[in-house]
Structures are given as C-alpha cells and as structure tokens.
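Working notes for the structure below.
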Amino acid sequence: MTSLFKEISSLATEQRNQRSSDIDLMSTIEILELINSEDAMVAHAITNELPSIEKAVDIITEQFKNGGRLFYVGAGTSGRLGIVDASECPPTFGTNPEMVQGIIAGGDQAMFKAQEGAEDSIEYGAQALIDNAVNSNDVICGIAASGRTPFVRGALDKAKELGCHTVLVTTNSREQLSKLGVDAEIIIAPNVGPEVIAGSTRMKSGTAQKMVLNMLTTASMIRLGKSYGNIMVDLQLTNAKLRERAKRIIMEIADVDYEKASEILDLANGHVKTALVMLLADVDVKTAGERLHNADGFIKHAL
C-alpha cells in the first residue's frame, strides 16, 4: 500500500456518501431529488467560510489597487472553474484580461480534454508562475477540492517564495490539510460532505468552488467601484448585445430615452461610467472623466 494511496483514501472528498449508497436502484426523479438536496448543503457550508472569504477579498482588492493581478491555479474541474471566472471578468467589469487570469495544469488544451498526469508535478506548478512573470504584487489563489494537488501546491509554494499573498479554495478540512503539510495565507474550506458519487468533485465541491470564485471577483470589483448600486456599469462594449445593454443601463439610471443614451454614450467614447456622470452631474465629458478619476472610479462619489 503506497503512501499516496493512504493519503488519497483519507481525504473527505473521497469518502462514500451513505445517503446515496443505493442511488443505482433509484428512479430518475429520486436521483434528481437526492442530488438537489445534497446541492442545497453547499450554500450553508460557504456561510461558515465568509470570514475567510472577506479576508481574501480585502487582500485582492488592495493588490488590484497596487497594480497586482489575481491568478487562479488548478487542475481538472478546479482549473476550468478558475479560467471560466477569469474569462468572464473583462466583459462583465471592463477589466484588462491580464488582471484576473486562470492557469490550468496541462495548459489550454486541458480545458477541453483531460490531460492525465499534468496535475502530478509540483515543479510544473512552480514553473507556471515563472512563465507568467508573477511578482509580489500578485495574489495566487489555488483551487483544489482535495487541497493536495501537487501542481497547485507547487504554485502556492513558489508564490510564497516570491512574496505573493496566497489563497487556497478547497473542500477538504483544515485538519487534513495540516496533516498533509498544505498551507496558504488564507484557506477557504467549505465542508460540503461526501459527493453523491464518491470522488466526483465536479459536483458539490465544484459548485462550492464556483460560488466562492464568484464572491472573490464580484466583491472585489464592487469594492473597486465597478458597479452603481447593484448594476454593473464598467462593462466593455465588445458586441452588439453589450452595446444595447449599456444604453439600457444609462436609460434606467439617468432616466433618459434611447436616443439620448446613445448620443451621450458616443460622446463618452463608449465608457458607460463617464456617460452616467455626464448626465447625472450635467457636466461635459472632460469634467466627468476628471471627477471619476478623483473618486477612484466610484460614480456616487464622483457626483
């Protein structure tokens, strides 16, 4: 019996769920009801981790202000979730694609086809940070259901060596992580319990990870002034849908018609926040830009 076998066998993510032990005898609706009831546990598990998530958001926001970047590092499902969250930040919040990035073991091809064995190298994880010119201003967020993935551990160890802030999103317990020698500055570890299908961490663990990543970037972007109330206003107008959405946002917030929203958006060179300040403060484009700059991008402060 190898040490790796013993290590994996002890993981919470690998245990059998007694509630689903007869799932192969259930009807379709019974299977679905069981999966749904298990998924319902995820949000409660994350509630217990909010203090840790808060610390991570505050650090990420501060590093963004200092010109730092957020790197998600993971393998398999975890790596794909990191890339999905990173790729959605530019169209949603108007960020530079460099600001939030995802690194997956096995490279880009691993997004579509499993690259078996890619996650097993600590050295590859460390090298990935070197390849991306990571520096001490950056935040490295490892994502690993088990917490033990060598690729992720290698990245976290290298990040600490480089002086980066480190975060680990996992569904393993802190006690088990400690026994495995896994460490990060901030550990976010919702206890979602065993999966409906043993070891299939694309299920509850994946859902928990996705929810946490949503919180990390969304809360950070709000803290950077990229929303007006609960409306995202720093979107990039990269397609027809987003251009029309921008006009609708301006119409709703500034209470103007479609033609006026279109006119001001053009004058603001497609920058929604500038257009809103122009309308709400009744100022020209130059003054609106200056007000936003002095208010660190917060529309309400600029007014």
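Quick notes on this one:
- Hey, ALA159 out of contact with any helix residue (DSSP H, G or I) (no Cβ under 7 Å at 6 or more places or on another chain) and either without any contact (Cβ under 8 Å) to a residue 24 or more places away in the chain or not polar (S, T, N, Q) (or both) or not: no
- Tally, over region 107-146, of residues that are aromatic (Phe, Trp, Tyr) and in a helix (DSSP H, G or I): 1
- Some residue of region 263-277 being assigned to a helix (DSSP H, G or I), touching a Ser or Thr at 6+ places or on another chain (Cβ under 7 Å) and either under 28 Å from ARG69 (Cα atoms) or not assigned by TED's automatic domain parsing to the domain that holds GLU49 (or both): no
- Of all residues in region 215-243, those being part of a helix (DSSP H, G or I) and either out of contact with any helix residue (DSSP H, G or I) (no Cβ under 7 Å at 6 or more places or on another chain) or buried (at least 22 other Cβ atoms within 10 Å of the Cβ) (or both) number 9.
- Test: residue in region 104-125 that is modelled with pLDDT of 95 or more, exposed (fewer than 15 other Cβ atoms within 10 Å of the Cβ) and of a type outside the set (Phe, Trp, Tyr): no
A quick yes/no check of all residues on (1) under 15 Å from the mean Cα position of the chain (by Cα); (2) at pLDDT 95 or above; (3) hydrophobic (A, V, I, L, M, F, W, C):
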position: ILE46; (1), (2), (3): yes, yes, yes
position: SER52; (1), (2), (3): yes, yes, no
position: PHE71; (1), (2), (3): yes, yes, yes
position: VAL84; (1), (2), (3): yes, yes, yes
position: THR92; (1), (2), (3): yes, no, no
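- Counting the residues of region 173-192 that are among the aliphatic types (A, V, I, L, M) and assigned to a loop (DSSP other than H, G, I, E, B) gives 4.
- Filter result (under 27 Å from ALA240 (Cα atoms) and either out of contact with any Leu (no Cβ under 6 Å at 6 or more places or on another chain) or in the same structural domain as PHE93 (by TED's automatic domain parsing) (or both)) within region 284-298: ASP284, LYS286, ALA288, GLY289, LEU292, GLY297, PHE298
- Residue that is modelled with the lowest pLDDT, among those in region 147-163 that are assigned to a loop (DSSP other than H, G, I, E, B) and either over 18 Å from the mean Cα position of the chain (by Cα) or of a type in the set (A, V, I, L, M) (or both): ARG148
The values are calculated or read from the model by the stated rules, or taken from the named source; none is laboratory data. The structure presented is a predicted model; accordingly, all values stated were derived computationally and were not measured. As a convention, Cβ positions derive from the backbone with ideal geometry for all residues, glycine included, and neighbour counts pool all protein chains shown.
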